[in-house]
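Data block below; observations after.
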Amino acid sequence: MKTTDTTGLALSGTSETALQHYLRGVGELQRFVGDPVGSADAAIAEAPGFVMAHVLKGYLFGLSTEREAMAVARSCHQAALPLAASAREQGHVAALGHLAAGRWHEAARILEDIAIEFPLDALALQAGHQIDFFTGNARMLRDRISRALPVWNKALPGYHAILGMQAFGLEEMGDYQRAERFGRQAIELEPRDGWAQHAVAHVMEMQSRQRDGIAWMRSNRDGWTKESFLQVHNWWHLALFHYDLGETDEVLSLFDGPIYGKRSTLALNMVDASAILWRLHLGGVDVGDRWVALAANWTPKAAAGNYAFNDAHAMMAFVGAGLETPAQTLLEAQREAMSASDDNAAFTRDVGHPVTLAVKAFGDGNYAETVRLLRPIRAVAHAFGGSHAQRDVIDLTLIEAALRDGDVPLARALSAERALARPESPLSALFTRRATALDMN
């Protein structure tokens, strides 16, 4: 049986009931709320031949960055292979197959082609945008959506998500004024759009508008926390604003509560937990035994070797907790990953391995080695994924290492660089004062 979705795109192998489950799942993914996997499963149970329901489920697992989830993504791909009845569906199945095999760039290219021909394909845009994020492709974060934007309007379900994705792409390309406008429009349409909420937070982070950022996040807290699987990341954004203001007690309170109070074992949540504790660690803040619980949850993933961005954050936890064995396991897994044929081999070789080694060197007190490892990769750091705000931890580590190593010229240069980029940031001012004091000694 063939039917169409809410934008008129043909769907094969479905029923009216299964279609409603599928549309609910896509809507949940667009807002980052609820249980889109459960919705996809319900659609498959109702109509086992519903190809796009298998694809939706496969994307959800393939985009999790969890090694174990790749087996589910591959299973979804195998189930969908014989079911695709149109060129568009065949493209989705092919993209899922590449994603499940770790070929992120090829999956992104196929999804790009689908969206060029079918700009109302919300799932192609959503999955492609997420891949652009995980591969650090700022230009495509913007352009993938801007190509489709002219055919979307308020009358179409999910328009808020298009605006929210456009906002984030514009922010990552430094177009802050328009990014904020798009993001705010998205939230006006759908207050529970966690991605649009986070896009505006990114703007305020990059502009060092800490007080605005705190007000923005707290004004719509129910919208981005209720049943949201992006809420930990958004709490992390709130913590960043307090961190830049030097309000470490508030940062620790957020860590102990919504960021890591439940001690999640999901890599995406643990990345945020590591990232905020490492920033505090760089500033010499005593975080007590918080590293221990986090490192314990990272340890089973030490040998994963499937996404270099995660590896760097796992190493932060191992360094913080003083755990040598999982740290070495992780480094060995990275060495193996670099010999593989998937895209993570390049992610690891070009950026992830040097960053992970640098974090380890910093923990060992070898600040000169930290500087040596980090300086060459700053210009290409986007290649292992994440956002500007997330990758800022690389610059923060480099600056701190230069200061602790007593490298006066470099510390002075780096602090001047940051002061120009973020002139309103109290942290920038602190680095400048420390570099000046170092120069006077």
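State the percentage of accessible surface on the stretch 245-404 attributable to carbon and sulfur atoms; use a 1.4 Å probe and exclude ligands, DNA and RNA.
Numbers: 2890 of 5790 Å².
Carbon with sulfur: 50 percent of the solvent-accessible area.
Carbon and sulfur together cover what percent of the accessible area of the stretch 129-221 at a 1.4 Å probe radius? Working shown, then result.
Details: 1620 of 3430 Å².
Roughly 47 percent, rounded to a whole number.
What accessible area, in Å² to the nearest ten, does a 1.4 Å probe give for MET165?
Accessible surface of MET165 is approximately 0 Å².
Give the distance, in whole Å, between the Cα centre of the stretch 409-441 and the Cα centre of the stretch 1-56.
52 Å
If you count only protein heavy atoms and use a 1.4 Å probe, how large is the accessible surface of GLU424, to the nearest 10 Å²?
130 Å²
If you roll a 1.4 Å probe over the heavy atoms of the protein chains, what accessible area per residue do you get for the chain, in Å²? Intermediate values should be presented prior to the final figure.
Numbers: 16770 Å² over 441 residues.
Each residue of the chain exposes 38 Å² on average to a 1.4 Å probe.
Provide the solvent-accessible area of SER253, counting protein heavy atoms only and rolling a 1.4 Å probe, rounded to the nearest 10 Å².
70 Å²
At what distance in angstrom do the alpha carbon centres of the stretch 265-294 and the stretch 138-162 lie from each other?
If you average the Cα positions of each part, the centres end up 35 Å apart.
GNM, the chain, Cα, under 10 Å: largest mean-square fluctuation among GLY136, GLY365, GLY352?
The residue that fluctuates most here is GLY365.
Between ARG433 and SER15, what is 0.36 nm times their sequence separation minus the Cα-Cα distance? Round to one decimal in nm.
Difference between extended and current length: 143.9 nm.
Contact order normalised by length for the chain, with contacts defined as Cα pairs under 8 Å and 6 or more residues apart; what percent is it?
Details: 725 pairs, mean separation 48.0, N = 441.
Taking the mean separation of contacting Cα pairs over the length of the chain, I get 11 percent.
Only Cα pairs under 8 Å and at least 6 apart count here; give the relative contact order of the stretch 58-203 as a rounded whole percent.
15 percent
On a C-alpha basis, how far is the centre of the stretch 297-352 from the centre of the stretch 357-397 in Å? Whole number, if you could?
14 Å
Compute the helix-to-body angle for 267-282: its Cα long axis versus the longest principal axis of the chain, expressed 0 to 90° and rounded to tens.
Approximately 20 degrees, to the nearest 10.
Placing unit charges on C-beta atoms (Lys and Arg positive, Asp and Glu negative, everything else neutral), compute the dipole magnitude of the chain about its Cα centre in debye, rounded to 20.
Working: 41 positive and 52 negative charges, 80 e Å.
Computed charge dipole of the chain: roughly 380 debye.
Just subtract the alpha-carbon distance of GLN328 and ARG67 from 0.36 nm times their residue separation and send over the number in nm, one decimal.
Once the chain is fully extended between GLN328 and ARG67, it gains 92.1 nm.
At q = 0.08, 0.10 Å⁻¹, what is the log10 ratio I(q)/I(0) for the chain, with the Debye formula run over Cα points and no solvent?
For the requested q values the scattering log ratios are -0.44, -0.69.
The values are calculated or read from the model by the stated rules, or taken from the named source; none is laboratory data. Note that the coordinates shown come from a computational prediction; the quantities given were computed from them, not determined experimentally. Here the Cβ is made from the backbone with ideal geometry for all residues, glycine too, and neighbour counts use every protein chain on show. Side chains included, ligands, DNA and RNA excluded: accessible areas come from the protein's heavy atoms. Shrake-Rupley method; radii C 1.70, N 1.55, O 1.52, S 1.80 Å.
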